[in-house]
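Asker: Below you'll find the structure I mean.
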Amino acid sequence: MNIETKLFGNKSKVLLTRLLSQHVKKQYILRYSSTNKNSTPFFLSKTFLNNKSNNNSKRYFRSSSPTLSQKRDLYEVLGVSRDASKQDIKKAFYALAKKYHPDTNRDDPNAHKTFAEISNAYDVLYDDKKRSVYDTAGHQGATQENMEHGGFPGGMGGQDINLEDLFGGGGMGGFDLNDLFGGGGGGGKKASGADMQVNLRLDFMDAVNGCETDISFYGGTKCTPCDGSGAKAGTKPQTCKQCGGTGTQTRSNGFFQMATTCRGCKGSGKIIKDHCTTCKGKGINQGERIVKIKVPAGINNGTTIKLAGEGEPSKNGRRGNLFVNVTVSEHELFKRTGNDIHLDVPITLSQAILGDSISIPTLSGEVDLKVPKGTQPGEKRVLKGKGIRFVNSTEFGSQYIHFIVSIPKNISQKQEELIKEFDQEEKKNNGPLDSLSHPVLSFWNKAMKRWREYANKFKN
(Lines give C-alpha, C1' and ligand atoms only; values in the text may rest on other atoms or scores of the structure.)
Protein backbone atom coordinates (compact mmCIF):
# COMPACT_ATOMS: atom_id res chain seq x y z
CA MET A 1 0.00 0.00 0.00
CA ASN A 2 1.47 3.36 -0.99
CA ILE A 3 1.58 6.35 1.30
CA GLU A 4 -1.37 8.08 -0.45
CA THR A 5 -3.73 5.19 0.19
CA LYS A 6 -2.35 4.62 3.68
CA LEU A 7 -2.93 8.22 4.74
CA PHE A 8 -5.98 9.25 2.79
CA GLY A 9 -7.71 6.12 1.42
CA ASN A 10 -9.51 6.45 -1.92
CA LYS A 11 -9.61 10.26 -1.77
CA SER A 12 -5.83 10.66 -2.06
CA LYS A 13 -5.87 12.66 -5.30
CA VAL A 14 -8.50 15.05 -4.04
CA LEU A 15 -6.70 15.63 -0.76
CA LEU A 16 -3.37 15.92 -2.56
CA THR A 17 -4.71 18.79 -4.63
CA ARG A 18 -6.15 20.33 -1.48
CA LEU A 19 -2.79 20.05 0.30
CA LEU A 20 -0.92 22.04 -2.31
CA SER A 21 -3.69 24.54 -2.97
CA GLN A 22 -3.70 25.49 0.72
CA HIS A 23 -0.22 26.97 0.28
CA VAL A 24 -1.39 29.29 -2.48
CA LYS A 25 -5.05 29.80 -1.71
CA LYS A 26 -6.67 32.42 -3.95
CA GLN A 27 -7.65 35.55 -2.16
CA TYR A 28 -10.91 36.27 -3.95
CA ILE A 29 -14.04 34.07 -4.23
CA LEU A 30 -17.37 34.62 -5.96
CA ARG A 31 -20.14 35.83 -3.70
CA TYR A 32 -23.36 33.87 -3.64
CA SER A 33 -26.75 34.88 -2.27
CA SER A 34 -27.93 32.76 0.67
CA THR A 35 -31.41 34.10 1.24
CA ASN A 36 -33.03 30.65 1.05
CA LYS A 37 -32.08 26.99 1.12
CA ASN A 38 -32.05 26.72 -2.67
CA SER A 39 -29.84 29.74 -3.10
CA THR A 40 -29.25 31.26 -6.50
CA PRO A 41 -25.91 32.75 -7.53
CA PHE A 42 -26.14 36.48 -6.91
CA PHE A 43 -25.14 37.47 -10.42
CA LEU A 44 -28.28 35.59 -11.73
CA SER A 45 -30.71 36.95 -9.12
CA LYS A 46 -33.49 39.43 -9.89
CA THR A 47 -31.80 42.05 -7.74
CA PHE A 48 -28.69 41.91 -9.86
CA LEU A 49 -30.60 41.97 -13.15
CA ASN A 50 -32.72 44.93 -12.03
CA ASN A 51 -29.63 46.79 -10.89
CA LYS A 52 -28.01 46.07 -14.24
CA SER A 53 -30.94 47.62 -16.07
CA ASN A 54 -30.37 50.72 -13.94
CA ASN A 55 -26.88 51.12 -15.45
CA ASN A 56 -25.35 49.36 -12.46
CA SER A 57 -23.23 46.77 -14.21
CA LYS A 58 -20.82 45.98 -11.35
CA ARG A 59 -20.11 42.31 -10.56
CA TYR A 60 -20.19 41.45 -6.91
CA PHE A 61 -17.11 39.83 -5.32
CA ARG A 62 -16.05 39.43 -1.72
CA SER A 63 -12.45 39.25 -0.62
CA SER A 64 -11.44 36.30 1.59
CA SER A 65 -8.65 38.35 3.16
CA PRO A 66 -8.86 41.52 5.23
CA THR A 67 -8.70 44.95 3.62
CA LEU A 68 -5.41 46.81 3.50
CA SER A 69 -6.38 48.96 6.45
CA GLN A 70 -7.19 45.86 8.52
CA LYS A 71 -4.02 43.90 7.78
CA ARG A 72 -1.47 43.40 10.54
CA ASP A 73 2.09 44.60 10.22
CA LEU A 74 4.01 41.87 8.36
CA TYR A 75 6.91 41.96 10.79
CA GLU A 76 4.40 41.44 13.60
CA VAL A 77 2.85 38.50 11.73
CA LEU A 78 6.21 36.67 11.61
CA GLY A 79 7.26 37.91 15.03
CA VAL A 80 10.53 39.45 13.84
CA SER A 81 12.07 42.89 14.19
CA ARG A 82 12.18 45.35 11.31
CA ASP A 83 15.94 44.87 10.95
CA ALA A 84 15.68 41.05 10.89
CA SER A 85 17.94 39.22 8.42
CA LYS A 86 16.62 37.02 5.62
CA GLN A 87 17.73 33.97 7.59
CA ASP A 88 15.75 35.14 10.63
CA ILE A 89 12.68 35.70 8.43
CA LYS A 90 12.97 32.28 6.85
CA LYS A 91 13.45 30.61 10.23
CA ALA A 92 10.42 32.38 11.69
CA PHE A 93 8.27 31.46 8.69
CA TYR A 94 9.20 27.77 8.83
CA ALA A 95 8.38 27.60 12.53
CA LEU A 96 4.99 29.29 12.08
CA ALA A 97 4.13 27.32 8.94
CA LYS A 98 4.70 24.05 10.75
CA LYS A 99 2.56 25.21 13.65
CA TYR A 100 -0.37 26.68 11.70
CA HIS A 101 -0.52 24.54 8.54
CA PRO A 102 -4.19 23.65 7.84
CA ASP A 103 -3.50 19.92 7.62
CA THR A 104 -2.11 19.92 11.15
CA ASN A 105 -4.94 22.12 12.47
CA ARG A 106 -8.03 20.59 10.86
CA ASP A 107 -10.21 21.48 13.82
CA ASP A 108 -9.33 25.16 13.54
CA PRO A 109 -11.68 26.97 11.11
CA ASN A 110 -9.24 29.90 10.91
CA ALA A 111 -6.21 27.79 9.99
CA HIS A 112 -6.41 28.63 6.29
CA LYS A 113 -6.61 32.34 7.02
CA THR A 114 -3.71 32.25 9.47
CA PHE A 115 -1.51 30.24 7.13
CA ALA A 116 -2.28 32.58 4.21
CA GLU A 117 -1.36 35.58 6.36
CA ILE A 118 1.96 33.97 7.37
CA SER A 119 2.73 33.00 3.77
CA ASN A 120 1.99 36.51 2.51
CA ALA A 121 4.26 38.06 5.14
CA TYR A 122 7.08 35.73 4.16
CA ASP A 123 6.52 36.36 0.45
CA VAL A 124 7.00 40.10 0.90
CA LEU A 125 9.69 40.26 3.57
CA TYR A 126 11.97 37.57 2.15
CA ASP A 127 12.16 39.33 -1.22
CA ASP A 128 14.53 42.32 -0.92
CA LYS A 129 12.70 44.43 -3.50
CA LYS A 130 9.21 43.74 -2.13
CA ARG A 131 10.43 44.35 1.40
CA SER A 132 11.88 47.71 0.39
CA VAL A 133 8.57 48.71 -1.22
CA TYR A 134 6.63 47.54 1.85
CA ASP A 135 8.89 49.46 4.24
CA THR A 136 8.28 52.58 2.13
CA ALA A 137 4.64 52.30 1.04
CA GLY A 138 3.11 49.70 3.33
CA HIS A 139 0.59 47.05 2.25
CA GLN A 140 -0.64 49.01 -0.77
CA GLY A 141 2.86 49.24 -2.26
CA ALA A 142 3.68 45.59 -1.54
CA THR A 143 0.40 44.41 -3.12
CA GLN A 144 1.07 46.44 -6.28
CA GLU A 145 4.62 45.10 -6.42
CA ASN A 146 3.31 41.52 -6.17
CA MET A 147 0.82 41.97 -9.00
CA GLU A 148 3.35 43.62 -11.33
CA HIS A 149 5.86 40.79 -10.90
CA GLY A 150 3.53 37.82 -11.08
CA GLY A 151 3.19 37.28 -7.35
CA PHE A 152 0.00 36.67 -5.41
CA PRO A 153 -1.02 37.76 -1.95
CA GLY A 154 -0.81 34.82 0.44
CA GLY A 155 0.77 32.62 -2.19
CA MET A 156 4.46 32.95 -1.37
CA GLY A 157 4.94 34.55 -4.81
CA GLY A 158 7.27 31.89 -6.19
CA GLN A 159 9.71 32.01 -3.29
CA ASP A 160 12.09 29.07 -3.00
CA ILE A 161 10.39 27.13 -0.22
CA ASN A 162 11.83 23.74 0.65
CA LEU A 163 8.86 21.63 1.67
CA GLU A 164 11.20 18.95 3.02
CA ASP A 165 12.60 21.52 5.48
CA LEU A 166 9.16 22.95 6.18
CA PHE A 167 7.74 19.62 7.33
CA GLY A 168 10.93 18.20 8.73
CA GLY A 169 11.49 15.37 6.22
CA GLY A 170 9.11 13.05 8.09
CA GLY A 171 6.41 15.65 7.67
CA MET A 172 3.08 15.98 9.33
CA GLY A 173 2.89 13.03 11.65
CA GLY A 174 4.62 10.65 9.25
CA PHE A 175 3.60 12.54 6.09
CA ASP A 176 6.37 12.11 3.49
CA LEU A 177 6.17 14.34 0.42
CA ASN A 178 8.51 12.09 -1.53
CA ASP A 179 6.28 9.07 -0.95
CA LEU A 180 3.14 11.07 -1.67
CA PHE A 181 4.38 12.08 -5.08
CA GLY A 182 5.84 8.70 -5.93
CA GLY A 183 9.34 9.70 -4.89
CA GLY A 184 11.75 8.31 -2.41
CA GLY A 185 14.64 8.33 -4.88
CA GLY A 186 17.15 10.98 -5.55
CA GLY A 187 15.39 12.72 -8.44
CA GLY A 188 17.38 10.79 -11.02
CA LYS A 189 20.60 10.89 -9.02
CA LYS A 190 22.40 7.63 -8.43
CA ALA A 191 21.61 6.59 -4.88
CA SER A 192 24.20 4.73 -2.85
CA GLY A 193 23.42 1.43 -1.21
CA ALA A 194 22.55 1.03 2.43
CA ASP A 195 25.17 1.15 5.17
CA MET A 196 25.78 -2.04 7.16
CA GLN A 197 27.15 -2.92 10.59
CA VAL A 198 29.00 -6.07 11.62
CA ASN A 199 30.75 -7.12 14.82
CA LEU A 200 34.37 -8.23 15.07
CA ARG A 201 35.91 -9.86 18.17
CA LEU A 202 39.68 -9.56 18.44
CA ASP A 203 42.23 -11.27 20.66
CA PHE A 204 43.95 -8.84 23.02
CA MET A 205 47.38 -9.25 21.40
CA ASP A 206 45.92 -8.92 17.87
CA ALA A 207 44.47 -5.58 18.89
CA VAL A 208 47.81 -4.51 20.41
CA ASN A 209 49.95 -5.48 17.43
CA GLY A 210 47.41 -5.03 14.61
CA CYS A 211 46.41 -7.72 12.15
CA GLU A 212 44.62 -8.60 8.94
CA THR A 213 41.51 -10.74 9.21
CA ASP A 214 38.45 -11.79 7.22
CA ILE A 215 34.92 -10.77 8.15
CA SER A 216 32.09 -13.05 7.05
CA PHE A 217 28.53 -11.73 6.94
CA TYR A 218 25.29 -11.92 4.96
CA GLY A 219 24.98 -9.19 2.33
CA GLY A 220 24.45 -8.24 -1.30
CA THR A 221 26.77 -8.63 -4.28
CA LYS A 222 26.43 -7.45 -7.87
CA CYS A 223 24.73 -10.04 -10.04
CA THR A 224 27.33 -11.63 -12.35
CA PRO A 225 25.13 -12.79 -15.30
CA CYS A 226 23.64 -9.30 -15.87
CA ASP A 227 26.63 -7.36 -14.49
CA GLY A 228 24.28 -5.60 -12.09
CA SER A 229 21.98 -4.14 -14.77
CA GLY A 230 19.01 -6.36 -13.88
CA ALA A 231 18.37 -7.03 -17.57
CA LYS A 232 18.44 -10.46 -19.12
CA ALA A 233 21.79 -11.45 -20.63
CA GLY A 234 22.01 -10.13 -24.19
CA THR A 235 19.56 -7.28 -23.55
CA LYS A 236 19.93 -3.77 -22.20
CA PRO A 237 17.67 -1.49 -20.16
CA GLN A 238 15.80 1.05 -22.28
CA THR A 239 15.40 4.76 -21.64
CA CYS A 240 12.23 5.55 -19.68
CA LYS A 241 9.75 7.38 -21.89
CA GLN A 242 7.90 9.00 -19.00
CA CYS A 243 10.89 11.00 -17.80
CA GLY A 244 13.13 10.86 -20.85
CA GLY A 245 15.86 9.12 -18.86
CA THR A 246 16.21 11.88 -16.26
CA GLY A 247 14.62 9.86 -13.48
CA THR A 248 12.49 12.81 -12.43
CA GLN A 249 9.14 14.26 -13.34
CA THR A 250 8.03 17.82 -12.75
CA ARG A 251 4.53 18.20 -11.38
CA SER A 252 2.68 21.49 -11.14
CA ASN A 253 -0.20 22.47 -8.93
CA GLY A 254 -1.17 26.08 -8.67
CA PHE A 255 2.02 28.05 -8.22
CA PHE A 256 4.21 25.13 -7.13
CA GLN A 257 6.45 23.03 -9.30
CA MET A 258 7.89 19.94 -7.68
CA ALA A 259 10.48 17.60 -9.18
CA THR A 260 9.69 14.08 -8.01
CA THR A 261 11.07 10.65 -8.71
CA CYS A 262 9.62 9.12 -11.86
CA ARG A 263 7.05 6.44 -11.05
CA GLY A 264 7.79 4.55 -14.24
CA CYS A 265 11.49 3.90 -13.67
CA LYS A 266 11.63 4.77 -9.95
CA GLY A 267 14.39 7.27 -10.53
CA SER A 268 16.75 5.07 -12.55
CA GLY A 269 15.88 6.60 -15.93
CA LYS A 270 15.80 3.08 -17.41
CA ILE A 271 13.08 0.49 -18.01
CA ILE A 272 13.84 -3.23 -18.05
CA LYS A 273 11.55 -5.34 -20.23
CA ASP A 274 13.29 -8.71 -19.85
CA HIS A 275 14.53 -9.24 -16.32
CA CYS A 276 17.57 -11.28 -15.39
CA THR A 277 16.39 -14.66 -14.10
CA THR A 278 19.20 -14.88 -11.55
CA CYS A 279 18.54 -11.65 -9.66
CA LYS A 280 14.91 -11.14 -10.80
CA GLY A 281 15.80 -7.74 -12.24
CA LYS A 282 17.31 -6.40 -9.00
CA GLY A 283 20.90 -6.51 -10.21
CA ILE A 284 21.90 -7.71 -6.73
CA ASN A 285 22.12 -11.19 -5.20
CA GLN A 286 22.08 -11.80 -1.45
CA GLY A 287 24.40 -14.29 0.18
CA GLU A 288 27.50 -14.72 2.32
CA ARG A 289 30.17 -12.09 1.81
CA ILE A 290 33.76 -12.16 2.98
CA VAL A 291 35.66 -8.89 3.37
CA LYS A 292 39.32 -8.61 4.38
CA ILE A 293 40.01 -5.93 6.95
CA LYS A 294 43.29 -4.46 8.16
CA VAL A 295 43.18 -3.73 11.88
CA PRO A 296 45.60 -0.98 12.97
CA ALA A 297 47.93 -1.61 15.91
CA GLY A 298 46.66 -0.22 19.20
CA ILE A 299 42.94 -0.36 18.42
CA ASN A 300 40.83 -0.32 21.56
CA ASN A 301 37.64 -2.02 22.65
CA GLY A 302 34.49 -0.27 21.36
CA THR A 303 36.18 1.29 18.33
CA THR A 304 34.27 1.35 15.02
CA ILE A 305 36.16 0.93 11.75
CA LYS A 306 34.57 2.39 8.61
CA LEU A 307 35.11 0.52 5.35
CA ALA A 308 33.96 2.90 2.61
CA GLY A 309 32.11 1.24 -0.26
CA GLU A 310 31.84 -2.19 1.38
CA GLY A 311 28.18 -1.94 2.41
CA GLU A 312 25.09 -2.92 0.45
CA PRO A 313 25.37 -2.37 -3.31
CA SER A 314 22.95 -0.22 -5.26
CA LYS A 315 21.66 -1.12 -8.70
CA ASN A 316 22.34 2.33 -10.12
CA GLY A 317 25.02 3.67 -7.80
CA ARG A 318 27.87 2.93 -5.46
CA ARG A 319 27.89 0.71 -2.41
CA GLY A 320 27.09 1.97 1.03
CA ASN A 321 29.64 1.81 3.85
CA LEU A 322 30.46 -1.07 6.18
CA PHE A 323 30.91 -0.22 9.86
CA VAL A 324 32.87 -2.78 11.89
CA ASN A 325 32.27 -2.64 15.65
CA VAL A 326 35.36 -3.98 17.41
CA THR A 327 35.27 -5.91 20.69
CA VAL A 328 38.64 -6.79 22.27
CA SER A 329 38.91 -9.81 24.56
CA GLU A 330 40.47 -9.36 28.01
CA HIS A 331 43.97 -10.66 28.72
CA GLU A 332 44.70 -12.98 31.63
CA LEU A 333 47.69 -10.92 32.79
CA PHE A 334 47.50 -7.42 31.34
CA LYS A 335 44.83 -4.85 32.15
CA ARG A 336 44.47 -1.97 29.69
CA THR A 337 43.75 1.65 30.58
CA GLY A 338 43.90 3.82 27.49
CA ASN A 339 47.32 3.05 26.01
CA ASP A 340 48.85 2.04 29.34
CA ILE A 341 48.86 -1.51 30.68
CA HIS A 342 48.94 -2.71 34.27
CA LEU A 343 50.47 -5.93 35.57
CA ASP A 344 50.11 -7.37 39.11
CA VAL A 345 53.36 -9.15 40.08
CA PRO A 346 53.31 -11.43 43.17
CA ILE A 347 56.45 -11.61 45.34
CA THR A 348 57.19 -13.54 48.51
CA LEU A 349 57.66 -12.03 51.95
CA SER A 350 61.38 -12.74 51.83
CA GLN A 351 61.67 -11.10 48.35
CA ALA A 352 59.88 -8.02 49.64
CA ILE A 353 62.19 -7.81 52.65
CA LEU A 354 65.50 -8.88 51.15
CA GLY A 355 64.99 -7.75 47.54
CA ASP A 356 65.48 -9.85 44.43
CA SER A 357 65.70 -9.87 40.63
CA ILE A 358 62.69 -11.36 38.82
CA SER A 359 61.56 -11.92 35.21
CA ILE A 360 58.27 -10.30 34.13
CA PRO A 361 56.31 -10.28 30.84
CA THR A 362 55.83 -7.21 28.67
CA LEU A 363 54.00 -6.78 25.36
CA SER A 364 57.32 -7.17 23.53
CA GLY A 365 58.77 -10.06 25.57
CA GLU A 366 60.23 -10.83 29.00
CA VAL A 367 62.49 -8.43 30.88
CA ASP A 368 64.42 -8.64 34.17
CA LEU A 369 63.15 -6.40 36.96
CA LYS A 370 64.89 -5.62 40.25
CA VAL A 371 62.78 -5.80 43.42
CA PRO A 372 64.31 -3.37 45.92
CA LYS A 373 64.83 -4.34 49.56
CA GLY A 374 61.86 -3.43 51.73
CA THR A 375 59.34 -3.36 48.87
CA GLN A 376 55.90 -2.62 50.28
CA PRO A 377 52.61 -4.31 49.23
CA GLY A 378 50.99 -2.31 46.37
CA GLU A 379 54.20 -0.48 45.55
CA LYS A 380 54.60 0.08 41.79
CA ARG A 381 57.24 0.55 39.15
CA VAL A 382 56.82 2.23 35.74
CA LEU A 383 58.34 0.98 32.47
CA LYS A 384 58.20 3.88 30.02
CA GLY A 385 57.38 3.02 26.39
CA LYS A 386 56.34 -0.53 27.23
CA GLY A 387 52.63 0.10 26.86
CA ILE A 388 50.36 0.03 23.77
CA ARG A 389 51.09 1.95 20.61
CA PHE A 390 48.83 4.89 19.80
CA VAL A 391 46.85 4.26 16.60
CA ASN A 392 48.61 5.73 13.55
CA SER A 393 51.44 7.01 15.72
CA THR A 394 54.97 6.05 16.77
CA GLU A 395 54.32 6.81 20.46
CA PHE A 396 53.65 4.16 23.10
CA GLY A 397 52.05 4.15 26.52
CA SER A 398 53.68 2.81 29.72
CA GLN A 399 53.56 -0.44 31.64
CA TYR A 400 52.84 -0.25 35.37
CA ILE A 401 54.10 -3.01 37.69
CA HIS A 402 52.10 -3.46 40.92
CA PHE A 403 53.82 -5.63 43.57
CA ILE A 404 51.58 -8.01 45.48
CA VAL A 405 53.31 -9.36 48.62
CA SER A 406 52.22 -12.93 49.26
CA ILE A 407 51.72 -13.83 52.94
CA PRO A 408 51.80 -17.61 53.54
CA LYS A 409 48.83 -19.09 55.36
CA ASN A 410 50.61 -22.26 56.45
CA ILE A 411 54.18 -22.35 57.71
CA SER A 412 56.41 -25.04 59.17
CA GLN A 413 57.55 -25.18 62.78
CA LYS A 414 61.03 -24.10 61.74
CA GLN A 415 59.59 -21.04 59.91
CA GLU A 416 57.49 -20.17 62.94
CA GLU A 417 60.55 -20.29 65.21
CA LEU A 418 62.49 -18.11 62.81
CA ILE A 419 59.67 -15.55 62.61
CA LYS A 420 59.44 -15.38 66.42
CA GLU A 421 63.16 -14.91 66.55
CA PHE A 422 62.81 -12.16 63.92
CA ASP A 423 60.12 -10.49 66.04
CA GLN A 424 62.31 -10.50 69.15
CA GLU A 425 65.16 -9.01 67.18
CA GLU A 426 62.79 -6.33 65.80
CA LYS A 427 61.67 -5.29 69.30
CA LYS A 428 65.25 -5.31 70.53
CA ASN A 429 66.41 -2.96 67.78
CA ASN A 430 63.34 -0.70 67.43
CA GLY A 431 61.55 -0.96 70.75
CA PRO A 432 58.00 -2.19 71.41
CA LEU A 433 55.62 -2.22 68.45
CA ASP A 434 53.34 0.28 70.22
CA SER A 435 56.20 2.68 70.87
CA LEU A 436 55.75 6.24 69.68
CA SER A 437 59.29 6.14 68.35
CA HIS A 438 59.00 2.95 66.32
CA PRO A 439 60.51 3.69 62.86
CA VAL A 440 57.66 2.01 60.97
CA LEU A 441 54.66 2.36 63.27
CA SER A 442 55.36 5.75 64.88
CA PHE A 443 52.79 7.67 62.82
CA TRP A 444 50.14 5.03 63.49
CA ASN A 445 50.89 4.90 67.21
CA LYS A 446 50.74 8.69 67.60
CA ALA A 447 47.42 8.85 65.75
CA MET A 448 45.97 6.06 67.91
CA LYS A 449 47.10 7.87 71.08
CA ARG A 450 45.21 11.03 70.07
CA TRP A 451 42.10 8.99 69.18
CA ARG A 452 42.02 7.25 72.57
CA GLU A 453 42.32 10.58 74.38
CA TYR A 454 39.38 11.93 72.35
CA ALA A 455 37.26 8.79 72.89
CA ASN A 456 37.84 8.81 76.66
CA LYS A 457 36.09 12.18 76.95
CA PHE A 458 32.76 10.51 76.10
CA LYS A 459 33.25 7.74 78.65
CA ASN A 460 33.37 10.26 81.49
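Asker: Tally time: how many residues in the range 321-337 are touching a strand residue (DSSP E or B) at 6+ places or on another chain (Cβ under 8 Å) and either at pLDDT below 90 or β-branched (Val, Ile, Thr) (or both)?
Answerer: The total comes to 4.
Asker: I'm trying to understand the selection: among the residues of the range 425-437, which are surrounded by 10 or more Cβ atoms within 10 Å (Cβ to Cβ) and either touching an Asp or Glu at 6+ places or on another chain (Cβ under 9 Å) or closer than 17 Å to ILE353 by Cβ (or both)?
Answerer: GLU425, GLU426, LYS427, ASN430, LEU433
Asker: If you go through the range 357-393, how many residues are touching a helix residue (DSSP H, G or I) at 6+ places or on another chain (Cβ under 9 Å), in contact (Cβ under 8 Å) with a residue 60 or more places away in the chain and farther than 15 Å from ASP344 by Cα?
Answerer: Residues flagged as touching a helix residue (DSSP H, G or I) at 6+ places or on another chain (Cβ under 9 Å), in contact (Cβ under 8 Å) with a residue 60 or more places away in the chain and farther than 15 Å from ASP344 by Cα within the range 357-393 amount to 2.
Asker: Would it be correct to say that LYS335 is more than 30 Å from TYR400 (Cβ to Cβ) and either out of contact with any Gly (no Cβ under 6 Å at 6 or more places or on another chain) or among the aliphatic types (A, V, I, L, M) (or both)?
Answerer: So LYS335 does not fit the description; no.
Asker: Do we have ASP103 as in contact with a helix residue (DSSP H, G or I) (Cβ under 9 Å, 6 or more places away or on another chain), assigned to a helix (DSSP H, G or I) and either of a type outside the set (Asp, Glu) or at pLDDT below 80 (or both) here? Talk me through it step by step, then tell me what you get.
Answerer: Values: in contact with a helix residue (DSSP H, G or I) (Cβ under 9 Å, 6 or more places away or on another chain): yes; assigned to a helix (DSSP H, G or I): yes; either of a type outside the set (Asp, Glu) or at pLDDT below 80 (or both): yes.
Against the criterion (in contact with a helix residue (DSSP H, G or I) (Cβ under 9 Å, 6 or more places away or on another chain), assigned to a helix (DSSP H, G or I) and either of a type outside the set (Asp, Glu) or at pLDDT below 80 (or both)), ASP103 qualifies.
Asker: Of the residues in the range 277-303, how many are surrounded by 11 or more Cβ atoms within 10 Å (Cβ to Cβ), under 28 Å from MET205 (Cβ atoms) and not aliphatic (A, V, I, L, M)?
Answerer: 6
Asker: Continuing with the same structure: Name the residue that is surrounded by the fewest Cβ atoms within 10 Å (Cβ to Cβ), counting only residues in the range 106-134 that are of a type in the set (Lys, Arg) and at pLDDT below 85.
Answerer: Among them, the one singled out is ARG106.
Asker: Just for helices (runs of 4 or more DSSP H) wholly inside the range 157-268: which have at least 3 residues that are modelled with pLDDT of 85 or more?
Answerer: 204-209
Asker: Here are some residues: VAL405, VAL440. Which one is farther than 30 Å from ALA207 by Cα, surrounded by 10 or more Cβ atoms within 10 Å (Cβ to Cβ) and touching a Ser or Thr at 6+ places or on another chain (Cβ under 8 Å)?
Answerer: Answer to the selection: VAL405.
Asker: If you don't mind, there's one more thing I want to ask. Looking at (1) out of contact with any Leu (no Cβ under 7 Å at 6 or more places or on another chain); (2) under 30 Å from LYS409 (Cβ atoms), which is the only condition LYS373 fails?
Answerer: (1)
Asker: If I go through the range 335-345 residue by residue, how many of them are within 22 Å of GLY302 (Cβ to Cβ) and assigned to a strand (DSSP E or B)?
Answerer: 6
The values are calculated or read from the model by the stated rules, or taken from the named source; none is laboratory data. Since this is a predicted model, take the numbers as computed values, not measurements. Ideal geometry is used to build each Cβ from the backbone, glycine not excepted, and the neighbour counts take in all protein chains shown.
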